[in-house]
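Here's the structure, in structure tokens; my notes come after.
The numbers here are math on the coordinates, done by the rules we state, and not lab data. Values in this document were obtained by computation on a predicted structure and should not be read as measured data. We place every Cβ from the backbone using ideal geometry, glycine too, and count neighbours over all the protein chains shown.
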Amino acid sequence: MRYIITRKTQESEQQLQNLREPEPKGQCEAKGQGNQQHGPLLSSRKPHVSVLGHPGQGAATLYGGGAGTTDHFRGNTLHPPPPPKTAPATVKGSHWLQGRQVSLNYQRKGCHNRTMLTARACRHLPVRTLQLKDHAEHFRILKTLSMTLRRSYASEAEQGNKAVLVTGCDSGFGFTLAKHLHSKGFTVFAGCLFKDKGDAGVKELDNLKSDRLKTLQLNVVKQEEIEKAVEIIRENLQDPEKGLWGVVNNAGISTFGEVEFTSMETYKEVAEVNLWGTVRVTKACLPLIRRAKGRVVNISSMLGRMSNPARSPYCITKFGVEAFSDCLRYEMHPLGVKVSVVEPGNFIAATSLYSPEKIKAIGDKMWEQLTEEVKNDYGRKYFDEKIACMHTYCKSGSTDTSPVINDVTHALTASTPYTRYHPMDYYWWLRMQIMTHMPGAISDKIYIH
Ligand SMILES: NC(=O)c1ccc[n+]([C@@H]2O[C@H](COP(=O)([O-])OP(=O)(O)OC[C@H]3O[C@@H](n4cnc5c(N)ncnc54)[C@H](OP(=O)(O)O)[C@@H]3O)[C@@H](O)[C@H]2O)c1
């Protein structure tokens, strides 16, 4: 009967540590003797759970494996207990090492677990003796890997020549982003809904009095305003033939309400800005973006990946933005244009997407427009509770927008931008993973019902 060591008690770990004297530097060598099946796994200096042992055959090897019988660091031989007659799945054993008792757990061979499978897979790997320089090599590989995985940004100098259009810069993410990108050296065209009305956000951006920050009147619902804005951009580019580096489709509005409470007019109104606005602006900018082999960054939402009750008018537009972005990404790939989606979580408290006044106005209008049948069936109490929920929601969320700003910046500057960015707190991140990866019956049970 063959067993593998599956777990050491804490006490045994300590005992083994005590038994092992520190190795002189430069002489640390873990020799994989026995059948030497484990190769790189043996690099650990601690007894490893994936080591095979043979309690029934009178020996277990801490660093060798298979038929070996010796702890190669110290030359200790282990003497596990004889196998029980009934051969249970796990056996506790104790061993005497240099006059001290060490406890080990064994798992019966055939009781497949990850440890066993790992060990078996490793049999097919080439094996050689590990030396101290291997540790240095592993460290070097890990360091290179971590540097590769770390977010890469283009240098400030490169960004200086690049021009970007951001929509919805009167407030919220757009406003902060325009200032941030400008501070990073970009030339920023900041599309504002109310430039012509001298909105506070527009004034603040204009007050920067920079050649590299130009506010534009841009209502993404109006095709003629979009065309005019693109014309201004073309005229103001250093070299129009080199194109426009990026467009950030940020402009958006939100609303709420159960399907039965939401008018068709509201569905269309939200889609006009969030979805069709994104499509319109992107189409108008693409000829310039293609010339630059630049970037399209679409601000979607976590609600573009998972839906929520009472948010259908908003969710369907953001799901649409996700689909549009995917199609565009596939089409643009051969042309060198990169398309990313940023899916922020809850930043309601930090932006103007909702306010108590907006919620009250939406609620009042909604109740007025309901049919008598719907009013009677749901009742005023239910309706008021929903409005109260929205008031609470509008005070929630993160007040720090920097995760969103950093993600958009990365999407515009990294040599390999991500397809999707998820600036959100852990609660929403986990919820989104569960909602998007688990069967609906399970995720509904956890979060919705
Ligand atoms: N805040 C969040 O928690 C959150 C979460 C996920 C996704 N998002 C998305 O992030 C984006 C920015 O929203 P935000 O949170 O920063 O809210 P915000 O402060 O309200 O910003 C939205 C901006 O879009 C502008 N806008 C509205 N309608 C427009 C139109 N027809 N044409 C051009 N601009 C228009 C707004 O102008 P006015 O200010 O003049 O109305 C405002 O400047 C939106 O796409 C939103 O869906 C936000």
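Taking amide hydrogens as placed 1.01 Å from N in the peptide plane, the amide H of THR215 sits under 5 Å from those of ALA190, each at least 5 positions away in sequence or on another chain. Sorted ascending by nearby beta carbons within 10 Å, beginning with the fewest, ASP199, ASP211, ASP377 become ASP211, ASP377, ASP199.
For a test of the definition: using alpha carbon positions, the gyration tensor, and the 1.5 limit on a/c, classify the stretch 185-323 as rounded, prolate or oblate. Because a/c hits 1.5 or more and a/b exceeds b/c, the stretch 185-323 counts as prolate. Would you mind counting up the charge near TYR354? Only other residues with Cβ under 13 Å from its Cβ, with Lys and Arg at +1 and Asp and Glu at -1. Cβ neighbours under 13 Å give a net charge of +3.
Working from Cα pairs under 8 Å separated by at least six residues, relative contact order for the stretch 312-449 is 35 percent.
What does the C-alpha gyration tensor say about the overall shape of the stretch 196-258? Classify as rounded when a/c is under 1.5, otherwise prolate if a/b is larger than b/c, or oblate. Oblate shape, in that a/c is at least 1.5 and b/c is the bigger or equal ratio. Sorting 238-245, 298-305 by their mean Cβ neighbour count within 10 Å, with the most densely packed peptide first, gives 298-305, 238-245.
When you count the other C-beta atoms within 10 angstrom of each residue and take the mean per peptide, 274-286, 355-367 line up highest first as 274-286, 355-367. Around the amide H of ARG420, modelled in the peptide plane, lie the amide H atoms of VAL341, all under 5 Å away and 5 or more residues distant in sequence or on another chain.
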